[in-house]
Amino acid sequence: MRFPALDGLRAIGALAVVTTHVGFQSGESLNGPFAGLLARLDVGVAIFFAISGFLLYRPHVVAWFDESEPPLLLPYLRNRALRIVPALWVAVLLAAFLVRHDQTIGWLTYLRHATFTQIYIESPSVPGLSQLWSLATEVAFYLLLPFIAKLLTSYERPTRRGVRWRLAVLFGFALLGPVWMAGVNATDHSLAGLWLPGYIGWFAVGMGMALWQVARASGRLGPSALDTLTKIPGTVWGIAIALFLIAATPIAGPYGLSVPTPAQAFVKCLLYTGIAACALFPAVSPTRRTAGVLGGKVGHIAGDLSYSVFVYHLIVLSLVQRLFDQQLFSGHFALLYWPTLGATIAVAAASYYGLERPIMRRGRKDRTYDVSGVGRDSNASAQPKRIDDWTKPEIKPAPPFGHG
């Protein structure tokens with residue numbers, strides 16, 4: 001099944017990340033009139049993680065319900081590498097040669113960024129690549145997911161009780177992140193604040209929705225209040241906005257790089273978990289209007305480019321600052337924002353269509369492959385496809401409720 005509304009949601013997440021970083025570099029997210037709002041737009045990372053949790057865990061749930069083989073490990077890892085590595089390596093090279101940096105940054109630091117290991121070893125921050133900590137954390141999730149999925153989908157057939165038990169486990173994962181972040185700030189182990197346990201709840205949000213969506217569609221779960229919420233996406237997104245406004249206050253910690261208290265770290269992570277859940281849910285079970293707005297042609301293209309925008313935007317921002325002779329924290333948000341956004345989109349499009357998509361198509365041996373699936377679907381509706389994007393072999397109807 002295709003979920004077209006996720007295309008636009010990816011783009012919103014990428015736009016949020018670009019905006020918060022321009023806000024930081026200009027200083028507007030530290031002491032400007034909209035400091036709290038700009039600073040908390042890093043919640044885009046939580047949205048990215050929730051989308052990944054949904055899309056990557058769902059094939060395992062489908063296989064569990066169909067009593068078929070789960071996604072094969074090696075093709076899964078190959079496809080993940082084809083998606084993220086080419087643009088990452090180009091970004092590392094561009095940062096090394098185009099972005100001004102301290103002479104203490106050596107080739108080994110760049111190598112760590114290219115191999116997703118920079119979050120595990122104390123090393124200097126690299127201008128143009130500092131956002132890639134989240135990519136290293138996401139790769140850790142990629143590697144762990146097959147084992148988590150096996151634990152959650154093995155040992156018994158999918159029953160209503162079994163589904164509810166697993167939803168409870170994923171809810172526990174959602175609470176692990178805030179507890180971990182509070183512990184990190186209480187013990188002053190800052191590097192551990194970049195590790196997967198602190199963000200597993202954001203992935204778990206998407207995983208839980210994948211389980212709910214498949215279970216509800218197959219009849220393993222009956223109607224509930226969640227079905228009502230699928231019909232009123234504006235209300236759910238309104239809750240996300242309300243949580244975001246709460247997070248934009250000092251209750252979620254300082255806006256800059258100052259260390260939050262354990263309580264502030266807990267609250268911020270928990271609020272981001274709730275925001276990610278409320279942002280994702282209407283896109284998982286979209287109304288026709290939601291699918292049309294977020295999953296139309298513009299949303300489809302924007303979703304394809306979102307990863308490239310994320311990877312390259314700080315490099316572009318550093319060049320824009322140099323072009324306009326702007327120093328760090330010197331203001332002029334609009335002067336930096338619009339050229340950075342426009343140039344980043346151009347670079348991202350060149351990278352996706354000229355490098356990333358050709359590599360993915362060649363590696364997958366699929367000349368029509370697109371990140372966002374069937375972009376040719378002009379109706380942008382979540383219609384079933386004969387072959388699931390992630391699951392092989394062919395999907396079959398789930399067995400009737402009561403068969404296990």
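The values are calculated or read from the model by the stated rules, or taken from the named source; none is laboratory data. Values in this document were obtained by computation on a predicted structure and should not be read as measured data. FYI the Cβ positions are ideal-geometry reconstructions off the backbone, even for glycines, and counts take in every protein chain you see. Each accessible area value is taken on the protein alone, full model and side chains, heavy atoms only, with ligands, DNA and RNA left out. Shrake-Rupley method; radii C 1.70, N 1.55, O 1.52, S 1.80 Å.
Test A192 against the stated conditions and say whether it is assigned to a helix (DSSP H, G or I), among the small types (G, A, S) and surrounded by 16 or more Cβ atoms within 10 Å (Cβ to Cβ). So A192 fits the description; yes. All conditions but one from (1) open to solvent by 50 Å² or more (accessible area, probe 1.4 Å); (2) modelled with pLDDT under 95; (3) out of contact with any His (no Cβ under 9 Å at 6 or more places or on another chain) apply to P70; the one that does not is (3). Of all residues in segment 135-153, those that are touching a residue at least 12 places away in the same chain (Cβ under 8 Å) and more than 25 Å from Y307 (Cβ to Cβ) total 3.
Just one residue in the set L336, L323, L270 is out of contact with any Phe, Trp or Tyr (no Cβ under 6 Å at 6 or more places or on another chain) and within 25 Å of A50 (Cα to Cα); that residue is L270.
Could you check how many residues of segment 127-160 are more than 30 Å from V22 (Cα to Cα) and not polar (S, T, N, Q)?
Counting residues in segment 127-160 that are more than 30 Å from V22 (Cα to Cα) and not polar (S, T, N, Q) gives 15.
Based on this model, can you work out whether G234 counts as of a type outside the set (V, I, T), exposed (fewer than 13 other Cβ atoms within 10 Å of the Cβ) and part of a helix (DSSP H, G or I)? Walk me through it before giving the result.
Numbers: of a type outside the set (V, I, T): yes; exposed (fewer than 13 other Cβ atoms within 10 Å of the Cβ): yes; part of a helix (DSSP H, G or I): yes.
When the stated conditions are applied, G234 passes them.
Residues in segment 329-371 that are open to solvent by less than 60 Å² (accessible area, probe 1.4 Å), under 30 Å from S29 (Cβ atoms) and either in a loop (DSSP other than H, G, I, E, B) or modelled with pLDDT under 95 (or both): S330, G331, V371. Of all the listed residues (L37, L41), the sole one being surrounded by fewer than 20 Cβ atoms within 10 Å (Cβ to Cβ), in a helix (DSSP H, G or I) and modelled with pLDDT of 95 or more is L37.
Return yes when V298 is open to solvent by 30 Å² or more (accessible area, probe 1.4 Å), at negative phi, of a type outside the set (S, T, Y) and in a loop (DSSP other than H, G, I, E, B) and no when it is not. Judged against the criteria, V298 is not a match. In this structure, does L229 turn out to be open to solvent by 30 Å² or more (accessible area, probe 1.4 Å), more than 15 Å from the chain's Cα centre (by Cα) and closer than 13 Å to R40 by Cα? Spelling it out, it is not the case that L229 is open to solvent by 30 Å² or more (accessible area, probe 1.4 Å), more than 15 Å from the chain's Cα centre (by Cα) and closer than 13 Å to R40 by Cα.
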